[in-house]
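Written out below as structure tokens is the structure these notes cover.
The values are calculated or read from the model by the stated rules, or taken from the named source; none is laboratory data. Model, not experiment: these values are computed from the prediction. Because the Cβ atoms are built from the backbone with ideal geometry, glycine has one as well, and the counts that use them run over all protein chains shown. Just so you know, the surface numbers come from the protein's heavy atoms only, side chains and all, with ligands and any DNA or RNA stripped out. Shrake-Rupley method; radii C 1.70, N 1.55, O 1.52, S 1.80 Å.
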Amino acid sequence: MEEKKKLPAKLMRDSRAVKSSFVLPSDTNTHRTLFGGKLMSYIDDIAAISATKHARTYTVTASTDSVDFLHPIKEGYTVNLESIVTWTHKTSMEVFVKIFAENLLEGTKVICATSFLTFVALDKEGKPTIVPEVIPETREELFLHNTAPTRAETRQNRRKESERFAKEFGVVKPS
Ligand SMILES: CCCCCCCCCCCCCCCC(=O)SCCNC(=O)CCNC(=O)[C@H](O)C(C)(C)COP(=O)(O)OP(=O)(O)OC[C@H]1O[C@@H](n2cnc3c(N)ncnc32)[C@H](O)[C@@H]1OP(=O)(O)O
């Protein structure tokens, strides 16, 4: 693998992606609010865009931290997502996604969820490959960047626990 220092660092803001959609009846559950699985799909989609913009190569989702649904997003509202690469290690990137709902008639907005995901950059052979570091500029970017190593450590511990847990189970259906 090449040395990381060979890739010039990139501005954090250059990885920013935004996405807005109306919540239509086909997107909702029986409560007439946005289906949770649909929101999770939007989150993975926009985070992959940020990761790919930053790495400029193929990427995969390695993990998603918890997604707490703070407020329901009602039919007719817009669901809005913003994502940005906050921190990188060697081949992995942490991506932050902020989700808010907007009532377009009233102009009111409310944060509905936030999430951190980890993506890994892959080379043409599908092997993890190094990524550039990010350069934070604003107060919010610095906060996200400076707090990332602690989250990464938690994730590494969780990964070990998941691997240990997976060894306990086979792939045979439970009888
Ligand atoms: C017309 C033009 C077309 C252009 C076209 C553009 C491209 C178009 C892009 C489309 C973009 C779609 C994006 C879809 C997003 C999915 O849907 S991806 C599908 C779901 N994800 C998967 O299937 C991933 C399955 N897992 C894997 O493949 C492997 O476990 C991984 C994640 C690549 C890691 O590989 P590994 O061999 O275990 O490597 P390892 O060296 O242990 O770890 C590599 C790095 O990953 C980190 N890592 C591994 N596991 C974890 C974890 N659970 N949590 C946190 N970090 C982890 C490690 O810490 C390490 O980080 P660094 O220290 O290097 O920074």
Rounded to the nearest 500, what is the chain's calculated 222 nm mean residue ellipticity when only DSSP H runs of at least 4 contribute -39500 (n - 2.57) each, over all residues?
-9000 deg cm²/dmol
For segment 68-147, the Cα-Cα pair-distance distribution in 5 Å bins from 0, as whole percents, is 3, 14, 18, 17, 14, 13, 11, 6, 3, 1, 0
What FRET efficiency comes out for the pair PHE143/SER21, r = Cβ-Cβ distance, R0 = 30 Å, nearest 0.05?
0.60
Would you list the P(r) distribution for segment 10-164, with all Cα-Cα distances sorted into 5 Å bins from 0 and each bin expressed as a whole %?
2, 10, 18, 20, 18, 14, 10, 7, 2, 0, 0
Under unit Cβ charges (Lys, Arg +1; Asp, Glu -1), what dipole magnitude, rounded to 20 debye, does segment 68-136 have relative to its Cα centre?
140 debye
Where in segment 1-54 are there chymotrypsin sites (Phe, Trp or Tyr not before Pro) that are in a DSSP coil and have at most 16 other Cβ atoms within 10 angstrom of their Cβ?
PHE35
At 1.4 Å probe size, put ARG155, ARG32, ARG139 in order of accessible surface, largest to smallest.
ARG139, ARG32, ARG155
Connecting every pair of Cα atoms under 10 Å apart in the chain and solving the GNM, the largest mean-square fluctuation among GLU161, GLU94, GLU102 falls on GLU161
Of ARG56, ARG164, which has the most accessible area with a 1.4 Å probe, and how do the rest follow in descending order?
ARG56, ARG164
In 10 Å bins starting at zero, report the fraction of Cα pairs in segment 50-92 per bin as a rounded %.
18, 43, 26, 12, 0
For segment 101-118 and segment 50-67, what is the centre-to-centre distance using only Cα atoms, to the nearest Å?
21 Å
The chain, Gaussian network, Cα under 10 Å: of ASP14, ASP68, ASP44, the residue fluctuating most is ASP68
Take the cross-link list LYS19/LYS98; LYS19/LYS74; LYS19/LYS124; LYS6/LYS90 and give me the ones stretching past 19 Å between alpha-carbons.
LYS19/LYS124
Beta bridge orientation in segment 10-164: antiparallel %, DSSP, nearest 5
95 percent
How long is the gain from LYS6 to THR57 if the chain were fully straight, where each residue apart is worth 0.36 nm and the alpha carbon distance is subtracted?
16.8 nm
